[in-house]
Amino acid sequence: MIGTGVFTSLGFQLESLRSGFALLMLWVVGGVAAVCGALTYAELGSTIRRSGGEYTFLSHIYHPAAGFVSGWISATIGFAAPTALAAITFGTYLSSVFPVLPSRWLAVGLVVLLSVVHGRTHRTSGGFQRWSTTAKVALILALVAAGLSFVAEPREVGVLPSADGVSNVFSAGFAVSLIFVSYSYSGWNAATYVTGELRDPRRTLPRALAAGTLLVMLLYVGLNYVFLRAAPAEEMVGRLEVGYIAAGYIFGPVGADLMGITLALLLVSTVSAMVLAGPRVLHAIGEDYPTFRFLSSINARGTPGAAIFTQAAISLLFILTESFETILVFSGFTMGLNTFLAAGGVFLLRRRQASGGQSATGDGPAAEPYRTWGYPVTPLVFLAVTGWTLAYILRDRPLEAGLGLGLIAVGLGIYAVTRARDRRTRA
């Protein structure tokens, strides 16, 4: 989860919000929504016990067409776009310290390298992810501690609510800024993409999703407080490398360069997580649709190599052709719509179970699934916050919203063609 968004989005948020209270509330509201979504997804994942995330959920709950479009979104936007964004940010931070290094080619090299790593074995893949994530959390905690201790002239953040701050919270700028925050929290649902490979998902999914999301919320609030406390807001407005700017005020020029390298290395873990989880969606599509059968292949070491390198190719296309902000808003809207439909499906799933449906689906023995804590309030909170954000994007960012809806329409068209072709093949 931790990666591109928290190290880049503050500069975009400052363009419409200047209240410290409102800026920090963005991360609290986004975190609460993500926790509620995580608890809801834990029930979906422990009930529908198959890897694939929203692709599997929507296929089972609504219709195979909905699942196919969700998989199409996950393949083209949900993982490939965040992978590209994290890699671009990695290149931007590293080239800020070493201007001779081209940022885009640094991004390309990172995606290629990690695809090779995760295409080898589960042991290599999981071990690298544990190591890189542990290092990332430790370095963020160190940065927060330094920002609280070593800033020579700390800025007044204004964390307490005021009339201006409260009005900012209910403004259009706050709602649109939530898309950046929602993107920063994206990844809270990643464990559901490997549900079929987990031991006892009823126990492990809620723990991984909820506890991980709560920890990240605390880290995000602390990190943004330090950014606002350390650096003048005017210097961060519209800037991508806000972490590097804040580090300059905490550690000085040399320390800022060291921190820039460190922050770049932190993003390696983010790209790694996306390269690990995303191809499982492509693999599930390959299992279900003969047209895409090549995506279902497993190499001799047990990893979905074809799916991993297909996603890498899409990420590289984004890196080489699109701008950072265009990718972020476009992908944030589309992914938000995807998770909105999946979380809403928990109500339909329970209704079917109440009418005599199975308690669990997927491989292995059926078991009573995890039940969302706080149901129905928990999923309704997630739906309310996500729906509010999507509505404001439709109103204030019609171009990005239109592109997202267009991508969905293309996915439906591909589904219709694929189904017709598969029927002819079987015949």
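The values are calculated or read from the model by the stated rules, or taken from the named source; none is laboratory data. All values reported here derive from a predicted model rather than from experimental measurement. Quick reminder, even Gly has a Cβ in these numbers, built from the backbone with ideal geometry, and neighbours come from all protein chains shown.
Might you check whether a residue that is more than 23 Å from Gly305 (Cα to Cα), in a helix (DSSP H, G or I) and among the charged types (D, E, K, R) occurs anywhere in region 38-46?
Yes - at least one qualifying residue is present in region 38-46.
Need pairs with beta-carbon distance below 6 Å; first residue closer than 15 Å to Val242 by Cβ and within region 212-230, second among the hydroxyl-bearing types (Ser, Thr, Tyr) and assigned to a helix (DSSP H, G or I); sequence gap 6+ or separate chains.
Correct list of pairs: Ala230/Tyr249.
Kindly provide the set of residues from region 351-371 that are modelled with pLDDT of 70 or more and exposed (fewer than 12 other Cβ atoms within 10 Å of the Cβ), ordered by number.
Across region 351-371, the qualifying residues are Arg351, Ala354, Ser355.
So is Thr310 more than 26 Å from Glu43 (Cβ to Cβ) and part of a loop (DSSP other than H, G, I, E, B) or not?
Here the answer is no, as Thr310 does not meet what is asked.
Return yes or no: is Leu266 buried (at least 24 other Cβ atoms within 10 Å of the Cβ) and not basic (Lys, Arg)?
The answer is yes for Leu266.
Rundown of residues vs (1) within 19 Å of Asn189 (Cα to Cα); (2) touching a residue at least 40 places away in the same chain (Cβ under 8 Å), yes/no style:
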{"site": "Gly243", "(1), (2)": "no, yes"}
{"site": "Ala256", "(1), (2)": "no, no"}
{"site": "Ala284", "(1), (2)": "yes, yes"}
{"site": "Gln311", "(1), (2)": "yes, yes"}
{"site": "Phe340", "(1), (2)": "yes, yes"}
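Return the pair list, or none, for Cβ contacts closer than 9 Å from residues in region 388-403 that are within 20 Å of Val169 (Cβ to Cβ) to residues that are among the charged types (D, E, K, R) and in a helix (DSSP H, G or I), at least 6 apart or on different chains.
Ile393/Glu400
Considering region 372-399 alone, what residues qualify as being surrounded by fewer than 18 Cβ atoms within 10 Å (Cβ to Cβ), among the aliphatic types (A, V, I, L, M) and over 18 Å from Val346 (Cβ atoms)?
Ala391, Leu394, Leu399
Mind checking which residues of region 389-420 are closer than 21 Å to Ala75 by Cα and among the β-branched types (Val, Ile, Thr)?
Ile408, Val410, Ile414, Val417, Thr418
Kindly list the number of the only condition in (1) free of Cβ contacts under 8 Å to residues at least 12 places away in the same chain; (2) within 25 Å of Glu156 (Cβ to Cβ) that fails for Arg207.
(2)
Among the listed residues Gly278, Gly332, Gly336, Gly305, which satisfies the condition of being more than 24 Å from Gly387 (Cβ to Cβ), under 15 Å from the mean Cα position of the chain (by Cα) and either modelled with pLDDT of 85 or more or not acidic (Asp, Glu) (or both)?
Gly278
Here's a check for you: in region 34-54, which residue that is among the hydroxyl-bearing types (Ser, Thr, Tyr) and at pLDDT below 80 is surrounded by the most Cβ atoms within 10 Å (Cβ to Cβ)?
Ser46
In region 4-25, which residues are under 16 Å from Val221 (Cβ atoms) and either modelled with pLDDT under 85 or aliphatic (A, V, I, L, M) (or both)?
Hits for region 4-25 are Gly5, Val6, Phe7, Leu10, Leu17, Ala22, Leu23, Leu24, Met25.
Taking region 286-302 only, how many residues are more than 14 Å from Gly119 (Cα to Cα), at pLDDT 80 or above and either surrounded by fewer than 19 Cβ atoms within 10 Å (Cβ to Cβ) or of a type in the set (Ser, Thr, Tyr) (or both)?
Number of matching residues: 3.
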